[in-house]
Amino acid sequence: MTNVQSLNPDHEPVFGDYIALMKPRVMSLVVFTAFVGLMAAPVSLHPVEAFAAILFIAIGAGASGALNMWWDADIDAVMRRTKLRPIPSGRTTPEAALSMGAALSGMSVVMLGLAANWHAAAWLAFTIFFYVVIYTIWLKRATPQNIVIGGAAGAFPPLIGWVAATGSVSIEAILMFALIFMWTPPHFWALALFMRSDYDDAKVPMLTVTHGRPSTRRHILAYAILQASLAVGLAFTSVGGLIYLLVTLVCNVIVVKDAVRIWRRDEVDAEADDFKVERSFFKFSLFYLFIHFFAILVETLLTPYGFGGWS
Amino acid sequence: MSFHIDSAVHKKRRSQNLGVAICLVLFIGLIMILSLVKLTNAGPVEGYDHAPRPTLTEGASE
């Protein structure tokens, strides 16, 4: 972490600036996947306990987002995608992000332990530690596999939701984790292929820079195949069913087909059509997780009426 | 003695203060409801100090 510009003297931080520190868009995915993990679990919580569990998982995710913005303020300032965040734009200070992130991290872990169970709280604490210390502080600027490692942190919420309900980890929770884990790298590598200057300017070792763009294209294909295998495998567990199987087959045919097209193209082809295939892959992957987790939710909600699941 | 009120700063910080106040009230409300749910679902509470617990003695006599 290095010093960044200080607070804009004409701007008094407003409440929304502190909300922005928590990365609300990332939080929305966390809330949704944690909610599905909790709902799909075979043990049901009281609605108030379930609401509290999801809320504290979301606050934990937001706290780690604030700590990430505190540490990464210097590189956020040079990337187009992130330079309007509260710290680089001078709307709040790195110290405020650190205080808020640390306080909310502790509060969310303790409250999740009290609202649900301490096993789920331990997973939340580990997730925050993993995202902030292992990913943000240690490995993000040290290895081109940074996206793979960061993806793991973002993959924990459905597992935490499941553990909040059941008190233990199971194959379904692990597969939901693995699906998000495998989805993250090709999603960001496709972005890096057509937003090339951003990560270069920030000196973040993206695969596109360290191993070259042809290697990145091969990586996208390999991860897309693994992602598809895991997504289809999830269909044959207790959270899957016929509806989920059909949805995942359609989605993964699209993903693997686009990944093969990305793998077969070179830079001349890509630049000729302004990275049309890479952009299409990225846009579809924005909806990919939502569609999958929504299908799991539909299976869960239909099960009491005899339609969901395999039974 | 009267307090000097810097109205410009107070106005600028109104959103911040209001947001924090609302969050705290909601947090307290959630803790209250959560406590109520936990206590309601915890089964019968046995408030017997320095005395044998009725359920234990009932179990022993059977």
Just for the Cα atoms in the range A:15-168, what are the lengths along the principal axes, largest first, rounded to whole Å? 47, 35, 22
Express the relative contact order of the range A:15-168 as a whole percentage, based on alpha carbon pairs under 8 Å and six or more residues apart in sequence. 36 percent
Given 0.36 nm per residue, what is the gain on full extension from A:Phe307 to A:Ala222 after removing their alpha carbon distance, in nm? 27.1 nm
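Dipole magnitude of the range A:170-311 about its Cα centre, charges +1 at Lys/Arg Cβ and -1 at Asp/Glu Cβ only, in debye to the nearest 20?
200 debye
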Neighbour-count order for A:Ser105, B:Ser7, B:Ser15, fewest beta carbons within 10 angstrom listed first: B:Ser7, B:Ser15, A:Ser105
Evaluate the relative contact order of the range A:170-311 (contact order divided by residue number), counting alpha-carbon pairs under 8 angstrom at least 6 apart; express in whole percent. 30 percent
Tell me the net charge near A:Arg80. Cut-off is 10 Å between Cβ atoms, A:Arg80 excluded, with +1 for each Lys or Arg and -1 for each Asp or Glu. 0
Can you give the percent of C-alpha pairs in chain A whose distance is more than 25 Å? 52 percent
Simple spin-label estimate for B:Leu26/A:Trp138, 7 Å along Cα→Cβ, in nm, reads 3.5 nm
Dipole axis of the range A:170-311 (+1 Lys, Arg; -1 Asp, Glu on Cβ), positive-most option in A:Leu234, A:Thr300, A:Ala190: A:Leu234
Along each principal axis, Cα extent of the range A:170-311, largest first, Å: 53, 27, 19
Once the Cβ-Cβ distance between A:Asp274 and B:Lys38 is put in as r, and R0 is 56 Å, what FRET efficiency do you end up with, to the nearest 0.05? 0.50
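The range A:83-234: percent of C-alpha pairs farther apart than 29 Å?
28 percent
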Per the helix-only model, chain A has a calculated mean residue ellipticity at 222 nm (DSSP H runs of ≥4, -39500 (n - 2.57) each, divided over all residues, rounded to the nearest 500) of -23500 deg cm²/dmol
Given unit charges at Cβ for Lys, Arg (+) and Asp, Glu (-), the dipole magnitude of the range A:15-168 about its Cα centre in debye, nearest 20, is 440 debye
Per-residue HN-Hα couplings for the range A:164-169, Karplus 6.51 cos²θ - 1.76 cosθ + 1.60 at θ = phi - 60°, whole Hz, x for Gly and Pro? 4, 7, 9, x, 8, 8
Charge dipole magnitude, Cβ of K and R +1, D and E -1 - chain A, Cα centre, debye nearest 20: 500 debye
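Bear in mind that the values in this text are calculations on the coordinates, not laboratory data. Just so you know, these numbers come straight off a predicted model, no measurement behind them. Quick reminder, even Gly has a Cβ in these numbers, built from the backbone with ideal geometry, and neighbours come from all protein chains shown.
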